[in-house]
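Here's the structure we're looking at; comments come further down.
The values are calculated or read from the model by the stated rules, or taken from the named source; none is laboratory data. In this text the structure is predicted, and so the values were computed from the model without any measurement. Ideal geometry is used to build each Cβ from the backbone, glycine not excepted, and the neighbour counts take in all protein chains shown.
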Amino acid sequence: MSFQLNHLPKRTEKPRNEGITLALDKGFSVRQAEDFCEVASNYTDIVKLGWGTSFVTQNLGEKLAVYKNYDIPVYFGGTLFEAYILRNQLDDYIKLLQGFSISFIEVSNGTIWLSDKRKNQIIKDLSSEFTVLSEVGSKNPDDIIPPYKWVKMIESELESGAWKVICEARESGNVGVFRPNGEIRSGLIDEIADQIPVENLLFEAPKKEQQTWFIKKFGSNVNLGNVEPCEVISLETLRLGLRSDTLFDFYSIDDSEIQSLYPDNNSDFSQETS
């Protein structure tokens, strides 16, 4: 039986440039990766093997083959990149990715110190071979970066060749674009989005309320990352207005009786729907 439901938001199709869902694999087995792909591959655009988990993952090659079979690109977490940079082994890291036929790479400095100049040069050098996702923001909750500096770093990293710039939040969702209590730094987001096209940004948003905020703010096709694999389907329902949190954000009613029941919710969404 096929579902027929009118007035759903128009979602982009894979391979997407907008509306990306980046899932965070924190140590799946091969069988778990298979199960995940079986139910969520249509809604998963990229998988990140979090921080340094790829280093200690058994049967890594087999797991990467599962994602490849479902046409889901994979990359190793930014912390592993930083670990190699810290040891002056960038060339070894590149060889590692080449050996596993990894075409995506994250360039970050959320924990280590890496000058903007060198970071941008690395992005420029790597962008000729890899699809580069750079990351802006610190993993230290006490390190508050002013909005103008966020904008400046994002602009320079895009100019250097980054495909998307990730706005840091960690898997916990309490640093970077979020306050330690998980509250969104809305003023920061407003200033970034005022000067940077949103389609060039990927917001880490591991929690449902954070995902909901970004969808309400920027629409169904906002790029979101650090999504728990078990939450990918749930996120897609948020994007489509099929969960209570966004039900009234994407719909249209012609029935006057129903309109009278929800007069404040029947907003114009014509640009969001097909």
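Residues of segment 13-49 that are farther than 22 Å from V222 by Cα, of a type in the set (K, R) and touching a residue at least 24 places away in the same chain (Cβ under 8 Å): K26 alone. Within segment 136-151, being touching an Asp or Glu at 6+ places or on another chain (Cβ under 6 Å) and surrounded by 18 or more Cβ atoms within 10 Å (Cβ to Cβ) holds for one residue alone: G137. Among the candidates I196, I154, I233, the residue that is under 14 Å from S134 (Cα atoms), at pLDDT 95 or above and either surrounded by fewer than 18 Cβ atoms within 10 Å (Cβ to Cβ) or not charged (D, E, K, R) (or both) is uniquely I154. Among residues of segment 206-219 that are at negative phi, those with a beta-carbon under 7 Å from a residue that is surrounded by 20 or more Cβ atoms within 10 Å (Cβ to Cβ) and among the basic types (K, R) at least six positions away or on a different chain give the pairs I215/R239. When V198, V151, V165, V175 are screened for being touching a Leu at 6+ places or on another chain (Cβ under 8 Å) and of a type in the set (V, I, T), only V165 passes.
Taken over segment 6-62, the criterion of being buried (at least 17 other Cβ atoms within 10 Å of the Cβ) and on the phi > 0 side of the Ramachandran plot is satisfied by G19, W51.
So which residues in segment 213-230 are surrounded by 18 or more Cβ atoms within 10 Å (Cβ to Cβ) and part of a helix (DSSP H, G or I)? If the condition is that a residue be surrounded by 18 or more Cβ atoms within 10 Å (Cβ to Cβ) and part of a helix (DSSP H, G or I), then W213, F214, I215, F218, P229 are the ones that fit.
If you check K95, K14 for being under 30 Å from F248 (Cα atoms) and charged (D, E, K, R), only one passes: K14.
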